[in-house]
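The values are calculated or read from the model by the stated rules, or taken from the named source; none is laboratory data. These numbers were taken from a predicted model, which means no experiment stands behind them. Cβ sites come from the backbone with ideal geometry, for glycine too, and all protein chains shown count toward neighbours.
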Amino acid sequence: MASSDKKVTVAIMTRNEQATIEEAVTGVMPHADETLVVDGHSQDRTRQIAESLGATVVLDGGHGKGDGIRKAIEVAQGDILVFIDADLSHDPDDIPALVAPIAEGRSDLVIGSRWKGGSDELFGDVGKFIRSTGSSIITLSINYRWHVKLTDSQNGFRAISTEAARAIMMTEDIFTIEQEMIMKCLRQGFRISEVPAHEYRRRAGESQIVVWKVAYRYVWCLIKNLIK
Ligand SMILES: Nc1nc2c(ncn2[C@@H]2O[C@H](COP(=O)(O)OP(=O)(O)OP(=O)(O)O)[C@@H](O)[C@H]2O)c(=O)[nH]1
Ligand SMILES: [Mg+2]
C-alpha cells in the first residue's frame, strides 16, 4: 500500500496463467489498494482463481495485451496505476520504488528498467537476441527524438499516474502499447523516469509473443509515433 494519500491500483495482465496467478495476486496485494486482474479471455482457471483471492477481475476486448492495458486504464480506481505481468517475471516488492516518484510528484511514468536491474529473459536464443536488439534500437530512436536517456522502452513492469494514462489516449492492441505509452507521454510533456527492476524467467506457461510475426507492428508503431 502506498504511504502517500494516493491510492494505488495494481493491474495484473493475464492470458492462460493459472499456474502462477495465485502467487502473482498474493504478491501484489500488500502493495495495492485495488488489485485488478485484466484477462484476455483465458481458457484455463485464471479468472476463477483470481476472483477467489479477492481480486477484481475484468475481461479485455480480446485483441491483445495492449487492449488489456487500455481496459485497466478505463476501470482503475486508483490515482496511480501499476502494470505487472502474471508469469512472476517481476518482483512485486519493486512496486513501492516504481510508485514513489509519482506519489512524490516527481514523475508521471516510471519504467522498471531491465538494463539497470538485469534480465534472465532477454538472452539465450535467436528470438531473444532479436527482441533485445530491436528493443535497444527503439529505445535509441526515442532518446534521439525527445533528447531523453531511457534504457528500456519495452518493459511492461511500470507505473503511471492514472490521469496521464487517460490523457494520452492510446490505441495499440498488442505489446506495442509499451512504446506507445512512452512516446505519447513524451509528446504531451509528461515526465518519465526509470528505476532498476530485475526480470526473472517466466515461471510456467507460454510466452504470447512470436517475434517474427509482430516485428513489423513494432516498426510501424515506432515510425507513426516518432513523426506525428
Ligand atoms: N489482458 C491480457 N493479458 C495478456 C494478453 N496476452 C498476454 N497477456 C499477459 O501479458 C503478460 C506478458 O505476456 P508474456 O507472454 O509473458 O510476454 P513476455 O513477458 O514479453 O514474454 P516472455 O518473456 O516469454 O515471458 C503475461 O502476464 C500474459 O499473461 C492479452 O491478450 N490480454
Ligand atoms: Mg513474460
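Are there any pairs, at least 6 apart or on different chains, whose C-beta atoms fall under 6 Å, with the first in region 149-168 and under 23 Å from D120 (Cα atoms) and the second small (G, A, S) and assigned to a helix (DSSP H, G or I), and if so, which?
Pairs found: Q154/S135.
Looking only at region 163-172, decide whether some residue is in contact with a Ser or Thr (Cβ under 6 Å, 6 or more places away or on another chain), modelled with pLDDT of 95 or more and surrounded by 14 or more Cβ atoms within 10 Å (Cβ to Cβ).
no
Within region 132-191, track down each residue that is more than 16 Å from ligand 2 (Cβ to nearest atom), outside any helix (DSSP H, G or I) and of a type in the set (A, V, I, L, M, F, W, C).
V148, L150, A159, I160, I168, M169, M170, F190
Can you name the residue in region 50-64 that is in contact (Cβ under 8 Å) with a residue 24 or more places away in the chain and of a type in the set (A, V, I, L, M, F, W, C) and, of all such residues, is farthest from ligand 1 (Cβ to nearest atom)?
Among them, the one singled out is L53.
Among the numbered criteria (1) over 20 Å from T171 (Cα atoms); (2) touching an Asp or Glu at 6+ places or on another chain (Cβ under 6 Å), which single criterion is violated by D93?
All conditions are met except number (2).
Can you find a residue in region 196-211 that is in a helix (DSSP H, G or I) and either in contact with a strand residue (DSSP E or B) (Cβ under 9 Å, 6 or more places away or on another chain) or closer than 21 Å to I84 by Cα (or both)?
Of the residues in region 196-211, the ones in a helix (DSSP H, G or I) are 211.
Still in the list and also either in contact with a strand residue (DSSP E or B) (Cβ under 9 Å, 6 or more places away or on another chain) or closer than 21 Å to I84 by Cα (or both): 211.
Yes: region 196-211 contains one or more residues that are in a helix (DSSP H, G or I) and either in contact with a strand residue (DSSP E or B) (Cβ under 9 Å, 6 or more places away or on another chain) or closer than 21 Å to I84 by Cα (or both).
Check region 65-76 and report whether any residue there is within 13 Å of ligand 1 (Cβ to nearest atom), in a loop (DSSP other than H, G, I, E, B), buried (at least 22 other Cβ atoms within 10 Å of the Cβ) and under 17 Å from the mean Cα position of the chain (by Cα).
Checked against the condition, which is being within 13 Å of ligand 1 (Cβ to nearest atom), in a loop (DSSP other than H, G, I, E, B), buried (at least 22 other Cβ atoms within 10 Å of the Cβ) and under 17 Å from the mean Cα position of the chain (by Cα), region 65-76 yields no hits at all.
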